[in-house]
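K.L.:
Quick one: the structure is below, questions incoming.
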Amino acid sequence: MSTPATRSRENTRARLLEAAAQVFAEVGLDGASVEAVCERAGFTRGAFYSNFESKDELFLMLAASVSEVRVNAVRTRVEELTAAGALVEGCDPIDLVQQIMELGGDDRLGVMLLSEIRIRALRDARFGEAYLAQEREMVSSIAHIVDDIISAGLLRLRLPAEIAARMLMIIWEGMTVRGAMAGQDDAQLRHSGGEELGRLVQLLIEP
């Protein structure tokens, strides 16, 4: 059971993360200063540094939150489709993946945030290491979802689940970035990304 102090700390961190997302949406990663985030959240710099070592840590955690929302949305949708009997042998993978992804948690803000964080990771080796470690956790989570589908006997893959998960993530991120560049809204981002993901799944599934 969490203590009042623990709940207060969790609430503070959540408010800082929410404020960081809002400030980022307005001014970008570089412009989202610690001061601006604290002012938006209604906290002092002391409160910030009692929860985060740096702005880098804050934005890595925000990126992790965006990724977690993505994965949890996919997991929930897969469970719903499985319960409804939609995941059956011979189903159309493009249609199936679109059904899964179009109700996901992706949006333009998330795409922009992760894109700027990757640029930061390219420029700073230590930040890059932390980002890649976080990304490996996301790939592992996706691989678990793939493994669950395989365990249900619904399909067989040409590649191990971990490799397939990484390929799926790379294609999804590439398509959503390009969709955002083209001015697509959130629903269009998920649709175009899901369509390309479905084509990749066709190649990954054993006949």
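We did not get these values from a lab; they are worked out from the coordinates using the rules stated. Since this is a predicted model, take the numbers as computed values, not measurements. Cβ: placed from backbone, ideal geometry, glycine included. Neighbour counts: every protein chain shown.
K.L.:
Determine ³J(HN,Hα), in whole Hz, for all residues of region 45-54 in sequence, where each value follows from phi through the Karplus function 6.51 cos²θ - 1.76 cosθ + 1.60 and θ = phi - 60°; x replaces Gly and Pro.
P.N.:
Here the 3J(HN,Hα) series is 4, x, 5, 4, 6, 7, 10, 9, 6, 7 Hz.
K.L.:
Please give the length that would be gained between residue 75 and residue 57 if that part of the chain were fully extended, namely 0.36 nm times their separation in residues minus their C-alpha to C-alpha distance (nm, one decimal).
P.N.:
Details: separation 18, 0.36 × 18 = 6.48 nm, distance 2.65 nm.
Working it through step by step, the gained length comes to 3.8 nm.
K.L.:
Only one of the listed values, (i) 1.00; (ii) 1.21; (iii) 1.12, was derived from the coordinates as Cα Rg over 2.2 N^0.38 Å; which label is it?
P.N.:
Label (iii) holds the value from this structure.
K.L.:
Please sort 37-44, 177-184 by packing, taking for each peptide the average over its residues of neighbouring beta carbons within 10 angstrom, highest first.
P.N.:
Listed from highest to lowest mean packing, they are 37-44, 177-184.
K.L.:
Using modelled amide H (1.01 Å from N, peptide plane; none on Pro or chain starts), what sits under 5 Å from the amide H of residue 157, excluding residues fewer than 5 places away?
P.N.:
206
K.L.:
Per-residue HN-Hα couplings for region 183-197, Karplus 6.51 cos²θ - 1.76 cosθ + 1.60 at θ = phi - 60°, whole Hz, x for Gly and Pro?
P.N.:
x, 5, 7, 4, 5, 5, 4, 5, 5, 5, x, x, 5, 5, 5
K.L.:
Estimate the FRET efficiency between residue 123 and residue 83 by the formula 1/(1 + (r/R0)^6), using the beta-carbon distance for r and 35 Å for R0, to the nearest 0.05. Can you show the working numbers first?
P.N.:
Numbers: r = 45 Å, r/R0 = 1.29.
After rounding to 0.05, the efficiency reads 0.20.
K.L.:
Multiplying the sequence separation of residue 188 and residue 157 by 0.36 nm and subtracting their Cα-Cα distance, what value in nm do you get?
P.N.:
Details: separation 31, 0.36 × 31 = 11.16 nm, distance 2.81 nm.
Between residue 188 and residue 157, full extension yields an extra 8.4 nm.
K.L.:
Residue 112 label point, 7 Å along Cα→Cβ, cut-off 13 Å on backbone N: hits in region 58-73?
P.N.:
The answer is none, because no backbone nitrogen lies closer than 13 Å to the label point.
K.L.:
Continuing with the same structure: How high is the FRET efficiency between residue 35 and residue 205 when r is their beta carbon distance and R₀ equals 41 Å, given to the nearest 0.05?
P.N.:
0.20
K.L.:
Residue by residue through region 26-42, which ³J(HN,Hα) values in whole Hz follow from phi under the Karplus form 6.51 cos²θ - 1.76 cosθ + 1.60 (θ = phi - 60°), with glycine and proline marked x?
P.N.:
Those phi angles translate into 8, 10, x, 5, 5, x, 7, 6, 4, 4, 5, 5, 4, 4, 5, 7, x Hz.
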